[in-house]
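To start, the structure under review is shown below, and the notes come after it.
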């Protein structure tokens, strides 16, 4: 039974993910703007966007059903629930008893399922092709993600995220070479799951470049705010997973104020570095043709497969 | 140590996934740099100073001279000869097959009782994997120019193979092998130039037909 302090810290961790995530999007946008020799909007712009959208009226097509209206809420609740299982600066989450990493992936799948349904629901052609692309990507990405998780769970014994992070905080990456392969695979998968550049360009609304954006094109007002926010939370969850599984240096393993503060500061530094490097990568590559994307995912799968081979060495 | 082997494998996969000539040449350059680092690591572990020279030679010849020579010799070739547009097995399947080849090489070397020596047990399966992947790349690619990369991967694998099993053959032989590779690359690229002039194509599938004009 977790103590009261642990429960409080667990709630603080999940609220931290939920409130910090738009800033991450802001940092990425700012970095991309600077690499393109633009000044770019402020790093707090995503917060202003969300506030602006919440104040606005919402337009809903009269052809749509309850799926269209409830899907942003299901999205936000599913991804917000997943945030409760992620350790940030304490190496275990007190809610980790309830669910493991497979549940997190399942919650993501639920959110994505309803996004796709909502895209089909308004019966616009954009929603249709967005849903079909999203379905293709998720069909390819999920086996790769499961294979990667498989490597990590084999190495650290168990699929519970708190267990994985606690064990990995004590051991070193150098002694487990299979984790580099898992890390490469995980990085590619994160780019795919969040619709980053070789997969899709989240900055534009051009017919050719949209994957995720096409399914949510019909939303406005509060619903759009919820959807943008939940995709930001999903991105931060995935980034903190890659950080806390593979480079958990400095994460606090017990409840004490100085350790928790250093853990929090180190996490912010690490996640910002990762976000900036992803933004740099995004400004270096062009978007790939849709049917070339399976090549990249095949690389991720092959990489995790070699990880499994290295584990059984 | 196994960590460096993992990085070498990743560099090899970088070559397998590249389509264009200049792309895989760059990836080959990275692989050679990693190979030189691995060689230096072996030299450090065994303490034989001659291997450091081999590492330096690898760095200079394979990552600087061979790419330069290849680029210089093929500078007049047209771009469609240089890009692998239609391999026999698609690139995404060939990545998966390469992963299976790595698994196969680990399975094969499990049968050999070399467990006591850490260098052999680390790098022998990787060198055999490089050999198998290079062979697969040669068989898979259609354009004769891009088959050269398979040859280069095999050569890197063989270099690692001899190095792990013998802990450095004598320096004279190493120099001979390097000179051999350099000359081999030049001859093969000149041959490719002649083929492209005669047949107007570098597709090896088309070389089977006899021409009687």
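The values are calculated or read from the model by the stated rules, or taken from the named source; none is laboratory data. Source: prediction; values computed, not measured. We place every Cβ from the backbone using ideal geometry, glycine too, and count neighbours over all the protein chains shown.
Within region B:54-76, which residues are surrounded by fewer than 16 Cβ atoms within 10 Å (Cβ to Cβ), modelled with pLDDT under 85 and in a helix (DSSP H, G or I)?
B:69, B:71, B:72
Against the conditions (1) in contact (Cβ under 8 Å) with a residue 60 or more places away in the chain; (2) within 14 Å of chain B (Cβ to nearest Cβ); (3) within 21 Å of residue A:282 (Cα to Cα), where does residue A:179 fall short? Just the number, please.
(3)
Going by the conditions given, is residue A:252 within 23 Å of residue A:155 (Cβ to Cβ), surrounded by 23 or more Cβ atoms within 10 Å (Cβ to Cβ), touching a helix residue (DSSP H, G or I) at 6+ places or on another chain (Cβ under 7 Å) and away from every other protein chain (no Cβ under 14 Å)?
yes
Pick out the one residue from B:83, B:34, B:89 that is within 14 Å of chain A (Cβ to nearest Cβ) and surrounded by 19 or more Cβ atoms within 10 Å (Cβ to Cβ).
Just one listed residue meets the conditions, B:34.
Go through region B:18-49 and count every residue that is in contact with a helix residue (DSSP H, G or I) (Cβ under 6 Å, 6 or more places away or on another chain) and not in a helix (DSSP H, G or I).
Residues that pass the stated criteria total 1.
For region A:10-22, which positions are more than 16 Å from residue A:98 (Cα to Cα) and in contact with a helix residue (DSSP H, G or I) (Cβ under 7 Å, 6 or more places away or on another chain)?
The answer is A:17, A:18, A:20, A:21, A:22.
So residue A:259 fits all but one of (1) out of contact with any strand residue (DSSP E or B) (no Cβ under 9 Å at 6 or more places or on another chain); (2) at pLDDT 80 or above; what number is the exception?
Just one mismatch for residue A:259, condition (1).
If we scan region B:114-132, do we find a residue that is free of Cβ contacts under 8 Å to residues at least 60 places away in the same chain and under 25 Å from residue A:294 (Cβ atoms)?
So far as region B:114-132 goes, yes, one or more of its residues are free of Cβ contacts under 8 Å to residues at least 60 places away in the same chain and under 25 Å from residue A:294 (Cβ atoms).
Take the residues in region B:109-123 that are within 12 Å of another protein chain (Cβ to nearest Cβ) and part of a helix (DSSP H, G or I); name whichever of them is surrounded by the fewest Cβ atoms within 10 Å (Cβ to Cβ).
Out of the qualifying residues, it is B:110.
Counting just the residues of region A:298-309 that are more than 7 Å from chain B (Cβ to nearest Cβ) and surrounded by 23 or more Cβ atoms within 10 Å (Cβ to Cβ), which one comes out nearest to residue A:138 (Cα to Cα)?
This residue is A:300.
State yes or no: is residue A:313 over 22 Å from residue A:43 (Cα atoms), touching a strand residue (DSSP E or B) at 6+ places or on another chain (Cβ under 9 Å), surrounded by fewer than 23 Cβ atoms within 10 Å (Cβ to Cβ) and free of Cβ contacts under 8 Å to residues at least 40 places away in the same chain?
Taking the combined requirement at face value, the residue does not satisfy it.
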